[in-house]
Amino acid sequence: MQNDLEILVLAAITISFLHTVTGPDHYLPFVALSKSRGWSFSKTIGWTIVCGCGHIGSSVLLGLGGAAIGWSFSKINALESVRGGIAGWTLLSFGLLYATWGLIKANQNRRHKHFDIQEDGSVYVSEHRHGELVMPKERHKLTPWVLFIIFLLGPCEPMIPLLYFPGARNSFPAMLLLILIYTFFTLVTMVLMVALGYYGISIFKTNKLERYMHALGGATIFICGLGMVFMGW
């Protein structure tokens with residue numbers, strides 16, 4: 001379990017970083033609200049952490065569903081000798097399916113959330129497609145609590161297999177460790193990106209990567225499963 005846990009920890013760090021950096025909606029709205037409302041740096045970071053915790057909470061809740069399935073699986077005594085291998089295959093399969101779905105979604109260019117800053121400083125959230133220049137008909141004015149709800153309802157799907165694996169191994173400490181690591185690196189990445197934006201610093205050009213966010217998460221899970229099943233990681 002030790003080697004498997006190390007791989008899962010690395011996957012949790014990678015996913016939390018990629019999921020945040022490749023999704024401008026994880027940090028640009030805070031910068032926009034901060035500028036339009038004249039927030040201090042501490043207030044901007046405070047709301048970033050609050051919304052980040054909502055996002056993490058819903059992600060963990062989703063992951064715990066996978067952990068519950070894994071825990072139920074661990075109770076089947078007849079499969080005790082092979083459940084570790086099946087858990088690895090589950091990671092591999094989920095990663096492959098999720099990456100494929102992410103690529104299909106990226107190529108279909110479906111609508112996703114977009115944030116606009118108006119001349120009067122107000123911020124609106126709407127849905128649009130990449131490359132779409134037409135102003136959307138339905139827009140909603142963005143407030144801190146609206147932003148919190150958006151984050152609460154937008155969990156990170158790759159948390160499902162990450163918590164499924166320790167659930168299948170009946171390891172609560174490993175599950176808790178993954179949750180803490182995912183929480184820490186997600187919040188740190190969000191705060192870092194918001195801080196850079198607050199001071200007008202742009203390091204990563206993530207607009208083109210945004211549409212491949214799900215595919216990258218799936219690819220990370222797939223590589224983990226591949227290493228566990230075929231490479232003895």
Original post:
Restricting the search to the stretch 26-62, which residues are among the polar types (S, T, N, Q) and buried (at least 19 other Cβ atoms within 10 Å of the Cβ)?
Top reply: 34, 44, 48, 59
Original post:
Would it be correct to say that residue 216 is of a type in the set (A, V, I, L, M, F, W, C), at pLDDT below 80 and touching a Gly at 6+ places or on another chain (Cβ under 9 Å)?
Top reply: no
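Answer yes if at least one residue in the stretch 147-162 is of a type in the set (Val, Ile, Thr), modelled with pLDDT of 80 or more and either surrounded by fewer than 23 Cβ atoms within 10 Å (Cβ to Cβ) or more than 17 Å from residue 28 (Cβ to Cβ) (or both), and no otherwise. Spell out how you get there, then give the answer.
First pass over the stretch 147-162, keeping only residues of a type in the set (Val, Ile, Thr): 149-150, 160.
Okay, now just the ones that are also modelled with pLDDT of 80 or more, so 149-150.
Then drop every residue that is not either surrounded by fewer than 23 Cβ atoms within 10 Å (Cβ to Cβ) or more than 17 Å from residue 28 (Cβ to Cβ) (or both), which leaves 149-150.
Checking the stretch 147-162: at least one residue is of a type in the set (Val, Ile, Thr), modelled with pLDDT of 80 or more and either surrounded by fewer than 23 Cβ atoms within 10 Å (Cβ to Cβ) or more than 17 Å from residue 28 (Cβ to Cβ) (or both).
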Original post:
Could we say that residue 83 is touching a helix residue (DSSP H, G or I) at 6+ places or on another chain (Cβ under 7 Å), at pLDDT below 60 and farther than 30 Å from residue 46 by Cα here?
Top reply: yes
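The values are calculated or read from the model by the stated rules, or taken from the named source; none is laboratory data. Keep in mind that this is a model prediction, so the values were computed, not measured. Counting neighbours? That spans all protein chains shown, and the Cβs are built from the backbone with ideal geometry, glycine included.
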